[in-house]
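Right, one structure below, let's go through it.
The values are calculated or read from the model by the stated rules, or taken from the named source; none is laboratory data. Everything numeric here is computed off the predicted structure, so don't read it as measured data. We place every Cβ from the backbone using ideal geometry, glycine too, and count neighbours over all the protein chains shown.
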Amino acid sequence: MRPKSQKSYSPTTRFINKLVKTEESIQDKFILKEPFNDKPSNYCNIIHIGIVCSGYKNTVFFHNLLKSIFFHRVNPIYLHIITDKNTEYLLNTLLVTWDLPQVNFIFYDLSNFVHEVKWVPNSHYSGVYGMLKILFPKLVPYNVKKMLVFDTDLTVNSDINELWKLFKNFNNKQAIGMVENESDFYLNGDVWPAIGKGYNSGVLMYHLERLRKIGWNKLWPEVTKKAASGHGTARLADQDVINAVLKERPELLYEIVHWNSPKKLNVVNPDREYFKSLADTYMEYNGNLLRKQLLNCDNQTKSILIESQSTCDKFRRASETKWRTLLYFMPYDYKTLEYDVTLVAQCSFDRLVVFEEIANYWPGPMSITFYLSDAELIRASDFILHSEILMKRKNIAYHVVFKDGDFYPINILRNTGLSNVDTPFVFLTDIDFIPVSKLYSAIKDYLKETKKLINEALIIPAFELSYFADSIPRNKSKLIELWEKGRVNPFLEKIWPSGHSPTNFPAWQNAEEPYNVKWDHDFEPYIVVRSNVTQYDKRFVGFGWNKVSHIMELEAQGYTFTVLPNVFIVHKPHSPSSDMISFRTSPQYRLCLHFLKDEVIQSLNKRYGKNFELKNVTITFPPMKRRKRNYDYIQTTAETNTDYPYVV
């Protein structure tokens, strides 16, 4: 599966100054221009690391491996990543949004050279991917002379510079550093040849310059053919190949004996719990803290950001933040269907149970972006894996934007989900709205009949419960019955009717066919549109106007708005968010939002030739029962999030 927003990436990505092809290139190699000045200090030497990573599960391991490496490192790092195009998109997103200092990376598309190892008879569970590490000496630019190669499922517990410095201990013939196997695998049965107990390929030290001089690209295939003819398939993939080479050419081996190497998560030995606790520690560690500046190993002058007390400045900086993002952190499998629609929403950790309820009523594909800390990601993953509703679902794309700062980046979360869907249509909603039964099928049926939705938005009417204890009505007749009793109302009707009143709820009550409505200021309906719809304005973080600005831009683009007659969603009441409380208690917060609204309106007017105006309205808040202060009437500009404390 390739996300629809994926762009075609070149072999290199961010931070790499240039790849210059030369006539002297060996094996169609490139000269890699180093982006850092290689100063004499060991702490300024660039450490090159090779990793093979493919698939959603491995991206989570990859993320944790990097956290454990970066936690200890003081050197600049250059990552060489063999992957497929789909996984490259995920890893590129993670590394670009992580924005780590003095970390560079280059991708190698495995589809271009997987045929070079596909012929090897191999019964390892990783398949052909388990053979790719033996290709690094051929793939890496020839002016990179040394590199470390790690499996993704490792945890590093010390500075990798200590391992890197062991290259100085190699004699003039040694070219591969490895750790001796703990198991007796190579001592039992008809296995591929190895020296003694053999050596583990989870951690490799490649002296690339020497491997090229001895003709590695010819050596390993010759040895592999000989070993396969005598011993059958390789059961341990690249490990069998490298051990067979070392058996024939033992002078190439440098045995790593002093470095505290990474350990796999599920080792079966007395130290298992110790190493598992180390892995869990890095899983929960806040990766944003690894953005710390290293020793001055380059000539770039780092500016010192002086913290401003202005809320408006904080707003601006928050919208410009690079939010570390890990896409598809759970397995995902979906085949695109015509007229299909993906539910797109964002979610904080405290709304997980509500998300589970939504998934129970929406069987179709979903793209959900969570805003979590590293520790919350572990708990959220565990919740999903053990939920009877979620554990079997493979058509839900789970993404995480990691917490950073004081503001909830609501539109960045929405855009992340919207950018990673595989269906032609999307249902843009919020996580605290429960869909009516058969909403998914009703939307698809309508799309099949119309076969258009060009510059058109389908409105799904939104309601809310008047009492926490009431259950969600599951059909229109039951909703109307509760509506007439005052137990269900159009969403925000008593607080801020301008947000949804253009939906024309009286007309919907008796409607049997779709009907059109006109846009009005502050309108923020929940809509079904084509998945290539314009994205949300990322300048809106925290509370207020984040959906209104999106609907206003659709109006500027000439969209029509059509209300579907027999479907609806119902908001579940909940406590107010911290951003909502900030909005209600801070005049400065509301003033900054006012300035941002005006800025956005002026930009829309200029871009689309419109004459939108900024209007002020009165918003009526019901009293918050858990607080003594009463916010009944607050004069402010219109706000448009769903975090309203509606308690009766």
Quiz item: Is there a residue in the stretch 345-356 that is basic (Lys, Arg), modelled with pLDDT of 75 or more, closer than 30 Å to PHE433 by Cα and crowded, with 18+ Cβ neighbours inside 10 Å?
Solution: yes
Quiz item: Counting only residues that are touching a strand residue (DSSP E or B) at 6+ places or on another chain (Cβ under 6 Å) and in a strand (DSSP E or B), which one in the stretch 84-110 is nearest to LYS292 (Cα to Cα)?
Solution: VAL103
Quiz item: of a type in the set (D, E, K, R) and either under 30 Å from the mean Cα position of the chain (by Cα) or at pLDDT 70 or above (or both) - does that describe any residue in the stretch 619-631?
Solution: no
Practice problem: Determine, yes or no, whether LYS218 is surrounded by fewer than 21 Cβ atoms within 10 Å (Cβ to Cβ) and touching a residue at least 60 places away in the same chain (Cβ under 8 Å). | Solution: no
Exercise. Go over the candidates SER466, SER441, SER498, SER471 one by one and state the one that is closer than 24 Å to GLU338 by Cβ, under 37 Å from the mean Cα position of the chain (by Cα) and not acidic (Asp, Glu).
Key: SER441
Exercise. Report, by residue number, each residue of the stretch 423-437 that is part of a loop (DSSP other than H, G, I, E, B) and either hydrophobic (A, V, I, L, M, F, W, C) or in contact with a strand residue (DSSP E or B) (Cβ under 7 Å, 6 or more places away or on another chain) (or both).
Key: THR423, PRO424, THR429, ASP430, ILE431, ASP432, VAL436
Practice problem: State all residues of the stretch 514-530 that are among the acidic types (Asp, Glu) and over 23 Å from THR342 (Cα atoms); if no residue qualifies, say none. | Solution: ASP520, ASP522
Quiz item: Does LYS314 satisfy the criteria of being part of a helix (DSSP H, G or I) and over 29 Å from LYS572 (Cα atoms)?
Solution: yes
Practice problem: Identify all residues within the stretch 382-407 that are surrounded by 18 or more Cβ atoms within 10 Å (Cβ to Cβ) and either closer than 17 Å to GLY287 by Cα or among the β-branched types (Val, Ile, Thr) (or both); write none if there are none. | Solution: ILE384, ILE396, HIS399, VAL400, VAL401, PHE402, LYS403, ASP404
Quiz item: (1) surrounded by fewer than 22 Cβ atoms within 10 Å (Cβ to Cβ); (2) modelled with pLDDT under 95: which one isn't true of ILE410, the others all being true?
Solution: (1)
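Residue-by-condition table, conditions (1) surrounded by 19 or more Cβ atoms within 10 Å (Cβ to Cβ); (2) touching a residue at least 12 places away in the same chain (Cβ under 8 Å); (3) more than 40 Å from the chain's Cα centre (by Cα):
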{"position": "ILE176", "(1), (2), (3)": "yes, yes, no"}
{"position": "ASN200", "(1), (2), (3)": "yes, yes, no"}
{"position": "MET205", "(1), (2), (3)": "yes, yes, no"}
{"position": "LEU208", "(1), (2), (3)": "yes, yes, no"}
{"position": "ARG212", "(1), (2), (3)": "yes, yes, no"}
{"position": "SER229", "(1), (2), (3)": "no, no, yes"}
{"position": "GLY232", "(1), (2), (3)": "no, yes, yes"}
Exercise. State whether the residues of the stretch 175-197 include one that is basic (Lys, Arg), outside any helix (DSSP H, G or I) and modelled with pLDDT under 95.
Key: yes
Quiz prompt | Residues (at positive phi and at pLDDT 95 or above) located in the stretch 33-73 | solution = none
Quiz prompt | Candidates ILE480, ILE527 - the one that is touching a helix residue (DSSP H, G or I) at 6+ places or on another chain (Cβ under 7 Å) and modelled with pLDDT of 90 or more | solution = ILE480
Quiz item: What single numbered condition from (1) out of contact with any strand residue (DSSP E or B) (no Cβ under 6 Å at 6 or more places or on another chain); (2) surrounded by fewer than 23 Cβ atoms within 10 Å (Cβ to Cβ); (3) within 14 Å of LEU289 (Cα to Cα); (4) not charged (D, E, K, R) fails to hold for ILE69?
Solution: (2)
Quiz item: In the stretch 56-76, which residue that is among the hydrophobic types (A, V, I, L, M, F, W, C) and in contact with a helix residue (DSSP H, G or I) (Cβ under 7 Å, 6 or more places away or on another chain) is nearest to THR281 (Cα to Cα)?
Solution: PHE71
